[in-house]
Amino acid sequence: MLFSSESDDAGAALVDRILLAARTPFSYEGVELTVSASVGVSSYPHCGETCPELLHSADAAMYRIKNNGRNGCHFFSVGSSDALAQQQSFIAARLALETDLHHAVQNQEMFLAYQPIFNTVNRRLHGLEALIRWRRADGSLVPPDVFIPIAEQSHLIVDIGKWVVAQACRDLAALRAARFRDLTVHVNMAASEFASSTLPAELLAQVSALGLDPRSLTLELTEGMLMKRPDQVIPVMRAIRQLGFGISLDDFGMGHSSLALLKNLPISSLKIDRSFVRDLAQQRNDRAIVKTILDLGRHMGLEVIAEGVETAPQLEVLQQSGCRLIQGFLLARPMPLADLLANFASNGQTHSLSVPVPLAL
C-alpha cells in the first residue's frame with residue numbers, strides 16, 4: 001500500500017478499516033469464520049522516489065508484520081541513511097532465491113526424504129511422510145522453511161507439488177517392488193493445489209499408470225490452509241476421498257477449524273500438532289488436549305498420528321494415552337529412499353517392516 005507522506009493520517013485510517021473488515025466474522029455453511037490481513041505501507045518520498053522503490057518498501061513492511069505474527073500493519077520507516085539500501089538488498093536476495101528456485105525445479109535439484117510413521121502396538125512401520133528437500137548444484141542444502149514460503153508466494157508451489165506427488169508415486173512403486181506392500185505414503189499439499197477441480201483425475205492417473213492402489217497415498221492439508229478456501233477445497237477433498245485416497249488434517253488442534261466443520265470434513269486421519277507433544281511429559285493441559293484428540297479420532301473412525309516425538313517421556317505418555325501411530329526423531333529421522341530400503345528389512349510373511357529401534361512399550 002502506497003501513500004504520499006502528506007496523507008499518512010488518511011492512510012492509517014484506511015489501514016484500520018481494512019484490518020477491521022478482515023477481522024469481521026462471516027458465516028460459511030453455518031460455521032462462523034474469520035480471516036486476517038497483513039498490511040505493509042510505504043510513503044512517498046521518504047520510502048522511495050520511484051514506483052519500484054515504493055513497492056519494495058511496502059513489500060518489506062508487509063513481510064515484517066508477517067514475521068511478527070501476521071494480522072496487523074507495519075509502516076516502512078527509513079531509520080537511517082542506509083536502511084532503504086539494506087532493505088533493497090534483502091529484497092534482491094529474496095528475488096535471486098526465487099529465481100534459483102525456478103531453476104531448481106527445472107534442473108531436478110529437488111529430492112524427497114521420507115520420515116517413518118510407526119505403529120507402536122505391533123512395532124512395525126505403518127507409513128512414510130514424503131518431505132521435499134533442495135540440494136543446490138554445489139551440494140549445499142536450502143532449508144524447507146526458507147524456500148517453501150517463497151514457493152507459496154510465487155505460485156511455484158503448484159509445480160513443486162505436482163513433482164512431489166509424481167516422485168512419491170514412483171518411489172511408492174519401487175517400495176511395492178521391494179515387498180513393502182502395506183505402507184501408506186503421506187504427501188503434503190498446499191491449499192492452492194486442493195482448490196483445483198482437476199486434482200482428483202490427475203491423482204488417479206498418477207497411481208493408475210503405476211498400478212498403485214489409491215488407498216496407499218494420503219494427502220496432508222493443514223487446518224490453516226483448509227480455512228483459507230473452504231468453499232473451493234472441501235468439494236475437491238470429497239472427490240478425492242471417493243476415489244479411495246486418504247486425506248490427513250495436519251497440525252490439528254491449532255484452532256483454525258471448528259468441531260462443527262470437522263464433523264463434515266472428508267478426512268481419514270488427524271495429525272496432532274507438535275506444539276502439544278513438545279511439553280507433553282510436563283504439561284497436564286497438553287496431556288488433556290492430546291487425550292481429547294485421540295478420543296475424538298477414535299469415535300469418528302479416524303487414525304490419529306502424533307508428530308514431533310523426540311523424547312522417551314513423550315512417547316511413554318502418548319502410548320499410555322492410547323496413541324499407536326508415532327512420528328518423530330526419537331524413532332527415525334527423514335531419509336532418502338535408498339537409505340530407507342537399506343535400513344529396513346521386509347518381513348516375507350506380513351509384508352510389513354520391523355521397527356529398528358527399541359520402543360518403550
In square nanometres, what is one fourth of the surface area of the convex hull spanned by the alpha carbons of region 175-243?
-> 4.6
Please identify which residues in region 183-224 have an amide N closer than 18 Å to a label point set 7 Å out from the Cα of residue 300, following the Cα→Cβ vector.
-> 218-224
What ranking of 291, 271 comes out by heavy-atom accessible area, probe 1.4 Å, highest first?
-> 291, 271
Run the quick spin-label model on residue 163 and residue 137: label points 7 Å from Cα toward the beta carbon, then report their separation in nm to one decimal.
-> 1.5
Just need the relative contact order of region 172-321 here, percent rounded to a whole number, with Cα pairs under 8 Å and 6+ apart.
-> 18
Using a 1.4 Å probe on heavy atoms of the protein chains only, the accessible area for residue 49 in Å², nearest 10, reads 140
Cα-based Rg of region 132-224 per 2.2 N^0.38 Å, rounded to two decimals?
-> 1.17
Computed label-point distance, nm, for sites residue 285 and residue 59 using a 7 Å Cα→Cβ extension = 4.0
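The values are calculated or read from the model by the stated rules, or taken from the named source; none is laboratory data. Because the structure is a prediction, the values reported are computed rather than measured. Glycine also receives a Cβ, built like all others from the backbone with ideal geometry; neighbour counts cover every protein chain displayed. The accessibility values were calculated without ligands, DNA or RNA, using every heavy atom of the protein model including side chains. Shrake-Rupley method; radii C 1.70, N 1.55, O 1.52, S 1.80 Å.
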